[in-house]
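Readers should treat all values here as calculations from the given coordinates under stated rules, not as data from a laboratory. Model, not experiment: these values are computed from the prediction. Methodologically, a virtual Cβ is constructed for each residue, glycine included, from the backbone with ideal geometry; neighbour enumeration extends over all protein chains shown.
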Amino acid sequence: MRLFLIGFGTVGQSLITLLHQRADDLQARYGFAPSLVGVYTRSQGLLYAPDGLDLAQLQACAAHYAQYEGPHLHDFQPNVDRTLRDGGYDVLIEASATDLQTGQPATDRIERALTSRKHVVTVNKGPIALYYPRLRELAREHGVHLRYEGTVMAGTPSMALALEGLAAARIRGLRGILNGTTNYMLTQMEQESLSYEQALAQAQALGYAEADPTADVDGWDAAGKASILSAALFGVPRSPQAMSVSGIRHLSAADLAEARAQGRRYKLVVRLTPEGGQVQAEALPLSDPLAGVMGGLNAITLETDLLGEVTLIGSGAGGTSTATAILNDLLAIHRAV
Ligand SMILES: NC(=O)c1ccc[n+]([C@@H]2O[C@H](COP(=O)([O-])OP(=O)(O)OC[C@H]3O[C@@H](n4cnc5c(N)ncnc54)[C@H](OP(=O)(O)O)[C@@H]3O)[C@@H](O)[C@H]2O)c1
């Protein structure tokens, strides 16, 4: 399996590390020996080697292709469309920055790969949140796989659970904590009595929150994940803008303490059914499994007809976690082809 990677930041670099570290294990357990033939980023251009790039070297030179030695082609201003159409690769891995307003340029690139009969694995939320039905149709038409496990809860297998593990049941609805940054902040506000501003500064210092935290604290990142779940689980495309979305900016440590005194705990909760979706801060009763999910963890409770509620809790972000989702998707394609 020849891989072509777009985006070489936290996730892309973690994937290279994982592929390198696990090479023997993947070969021994699954007979899986992928080779990475190309990496592309906006600022560094394209690094390409038809016989496979050296992962150890790539890991060492991280995002500075100029230091890469050995046979390769380095093009600062490549025609990415042409590479995606003609390039000698089997799977496109989309790990570039998410744009939840337009889904671009990743959506066009994914379309180009699918129509060129290449499988696609994406952790970029924009294309799936906004254009999933069209992309799934393109994948079907061209007989290739489109997988996106890492777009929701990173390496914690929410999609595999809902779509494969619970395939026999009907999922009637779900609620989830799908943004680790806000969950971390709410935990700190409640347990350390931090103000909203102090909790945000701490999340930023730890690298959980971006310099511009809007997408996290105003609920848009969680809404993007709700869009993906709506399309994937219910077959109902629903953009983040089409949902009622609010965040946690209005909450204070005093609000959280008051809720706690009443046996409740504030969480930023996604609620979704085939009929509608919303993201808002809610004071959940402590008996709700989501109320016990603390720190940067994510969780999802699926309401099923055959099993009642099923809850999955785990990491929802981070390079290794998200790269694990990519690797699982690659293994699923490997098993299927
Ligand atoms: N990190 C996580 O915990 C996590 C979890 C789940 C999903 N994701 C998703 O995974 C993706 C990557 O996240 P990350 O944390 O690795 O981000 P990151 O560290 O900011 O890296 C982003 C990478 O994308 C490249 N890029 C940006 N715009 C591009 C464009 N127009 N064309 C080609 N390359 C472009 C950047 O290259 P330049 O530096 O050259 O611009 C950089 O290599 C995002 O879509 C994110 O939402 C991340």
- line: The residue that is nearest to ALA332 (Cα to Cα), considering only those in the stretch 128-162 that are among the basic types (Lys, Arg) and touching a Ser or Thr at 6+ places or on another chain (Cβ under 9 Å), is ARG147
field: Residue that is farthest from ALA317 (Cα to Cα), among those in the stretch 280-304 that are touching a Leu at 6+ places or on another chain (Cβ under 7 Å) and β-branched (Val, Ile, Thr)
entry: THR304
message: Between GLY277, GLY247, GLY316, which is within 16 Å of the ligand (Cβ to nearest atom) and in contact with a helix residue (DSSP H, G or I) (Cβ under 6 Å, 6 or more places away or on another chain)?
response: GLY316
query: Residue check, ARG117 against (1) more than 15 Å from the ligand (Cβ to nearest atom); (2) assigned to a helix (DSSP H, G or I), all met but one. Which one?
result: (2)
- request: Just need a number here: residues in the stretch 293-316 that are surrounded by fewer than 15 Cβ atoms within 10 Å (Cβ to Cβ) and of a type outside the set (Asp, Glu).
  value: 4
query: Just checking, which of ILE326, ILE300 is within 15 Å of LEU163 (Cα to Cα) and within 15 Å of the ligand (Cβ to nearest atom)?
result: ILE300
query: Do we have any residue at all in the stretch 251-258 that's crowded, with 20+ Cβ neighbours inside 10 Å and small (Gly, Ala, Ser)?
result: no
- prompt: Quick check, is VAL236 in contact (Cβ under 8 Å) with a residue 40 or more places away in the chain, out of contact with any His (no Cβ under 6 Å at 6 or more places or on another chain) and not basic (Lys, Arg)?
  reply: no
statement: When (1) under 23 Å from LEU161 (Cα atoms); (2) in contact with a strand residue (DSSP E or B) (Cβ under 9 Å, 6 or more places away or on another chain); (3) part of a loop (DSSP other than H, G, I, E, B) are applied to PRO237, the one that fails is (2)
task: Could you check the stretch 242-329 for strands (runs of 3 or more DSSP E) lying wholly inside it with 2 or more residues that are without any contact (Cβ under 8 Å) to a residue 24 or more places away in the chain?
output: 276-285, 308-315
- line: Counting only residues in the stretch 104-136 that are touching a Phe, Trp or Tyr at 6+ places or on another chain (Cβ under 6 Å) and not aliphatic (A, V, I, L, M), the one surrounded by the most Cβ atoms within 10 Å (Cβ to Cβ) is identified as THR122
query: Inside the stretch 137-154, can you point out the residues that are surrounded by 23 or more Cβ atoms within 10 Å (Cβ to Cβ) and small (Gly, Ala, Ser)?
result: GLY150, ALA154
message: Between a residue in the stretch 199-220 that is aromatic (Phe, Trp, Tyr) and any residue that is in a helix (DSSP H, G or I), which pairs come within a Cβ distance under 9 Å, given they are 6 or more apart or on different chains?
response: TYR208/GLY180; TYR208/THR181; TYR208/TYR184; TYR208/MET185; TYR208/GLN202; TYR208/ASP216; TRP220/THR214; TRP220/PRO240
